[in-house]
Amino acid sequence: DTAVSQTPKYLVTQMGNDKSIKCEQNLGHDTMYWYKQDSKKFLKIMFSYNNKELIINETVPNRFSPKSPDKAHLNLHINSLELGDSAVYFCASSLGTGSSYNEQFFGPGTRLTVL
Amino acid sequence: GDSVTQMEGPVTLSEEAFLTINCTYTATGYPSLFWYVQYPGEGLQLLLKATKADDKGSNKGFEATYRKETTSFHLEKGSVQVSDSAVYFCATFYGQNFVFGPGTRLSVLP
């Protein structure tokens, strides 16, 4: 009964490759997010979607492209991977974006290692 | 822009010691405030939250009070356990933006 799930849990790949990380939530939430956590544990928001529409798009390279086929899924595709992309990527969801609905539920993370 | 500052870790305590992790924020409005906890190898979990000034959030023996005058939301626990060893994140939410602090690693020794 995992609330927010991500696949894969670990991803090791070569520089220059293209890879995707999938995220699914079964909580019925309207809003989903992608975060990047670096080696020092600093957590930075990358994207946010509300009902399949992009609402937050922080300054990330355009090699990163989120895709939301429906409001329960938010996938992250990364082109031309670079060494600096190595991090743990977390997906999260919340009921909505208003102040009463903003508790975020996080997935277990995907550790991406670029060699 | 909005930002969150936390005391630098790591914080190392003995079991049953008193814990304080400081958190201060800057925000353009009146944000909701959160503490999240990340256990080793896991995602973040909400620990507690407060949505307006003077609110106290509490959970699992942890407490934090929303102090508007000092823009702070310090986390406290009276007696820590080994199982509390984790990374703790302070966060603000205003508008549509979540902003997380850099995290504070807590290690509790038996």
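The values are calculated or read from the model by the stated rules, or taken from the named source; none is laboratory data. What you see is a predicted model, and the numbers here were worked out from it, not measured in a lab. Note: ideal-geometry Cβ built from the backbone for every residue, glycine included; neighbour counts use all protein chains shown. Accessible surface is based on the protein model in full, side chains and every heavy atom, while ligands, DNA and RNA are left aside. Shrake-Rupley method; radii C 1.70, N 1.55, O 1.52, S 1.80 Å.
Within segment A:57-74, is there a residue that is in contact with a Pro (Cβ under 8 Å, 6 or more places away or on another chain) and open to solvent by 30 Å² or more (accessible area, probe 1.4 Å)? Scanning segment A:57-74 turns up no residue that is in contact with a Pro (Cβ under 8 Å, 6 or more places away or on another chain) and open to solvent by 30 Å² or more (accessible area, probe 1.4 Å).
Give all pairs with beta carbons closer than 9 Å in which a residue from segment B:84-110 that is open to solvent by 20 Å² or more (accessible area, probe 1.4 Å) meets a residue that is among the basic types (Lys, Arg) and in a strand (DSSP E or B); count only pairs at least 6 apart in sequence or on separate chains. Final answer for the pair search is B:Ser85/B:Arg105. Tallying residues that are part of a loop (DSSP other than H, G, I, E, B) and either surrounded by fewer than 17 Cβ atoms within 10 Å (Cβ to Cβ) or modelled with pLDDT of 90 or more (or both) within segment B:8-30 yields 11.
Annotation: B:Glu42 fulfils all but one of (1) in contact (Cβ under 8 Å) with a residue 12 or more places away in the chain; (2) part of a loop (DSSP other than H, G, I, E, B); the unmet one is (1).
All of B:Lys77, B:Lys56 fail the test of being under 13 Å from the mean Cα position of the chain (by Cα), of a type in the set (D, E, K, R) and open to solvent by less than 80 Å² (accessible area, probe 1.4 Å), apart from B:Lys77. Reported count of residues in segment B:90-104, each being touching a Pro at 6+ places or on another chain (Cβ under 8 Å) and either facing another protein chain (nearest Cβ under 7 Å) or in a loop (DSSP other than H, G, I, E, B) (or both), is 1.
Could you check, for segment A:72-79, whether at least one of its residues is of a type in the set (S, T, N, Q), over 14 Å from A:Ala3 (Cβ atoms) and touching a residue at least 12 places away in the same chain (Cβ under 8 Å)? Give the steps one after another, and end with the answer.
If we filter segment A:72-79 for residues that are of a type in the set (S, T, N, Q), which is where we start, we get A:75, A:79.
Of the ones still in play, those that are also over 14 Å from A:Ala3 (Cβ atoms) are A:75, A:79.
Right, trim to touching a residue at least 12 places away in the same chain (Cβ under 8 Å) and you get A:75, A:79.
Yes, some residue in segment A:72-79 is of a type in the set (S, T, N, Q), over 14 Å from A:Ala3 (Cβ atoms) and touching a residue at least 12 places away in the same chain (Cβ under 8 Å).
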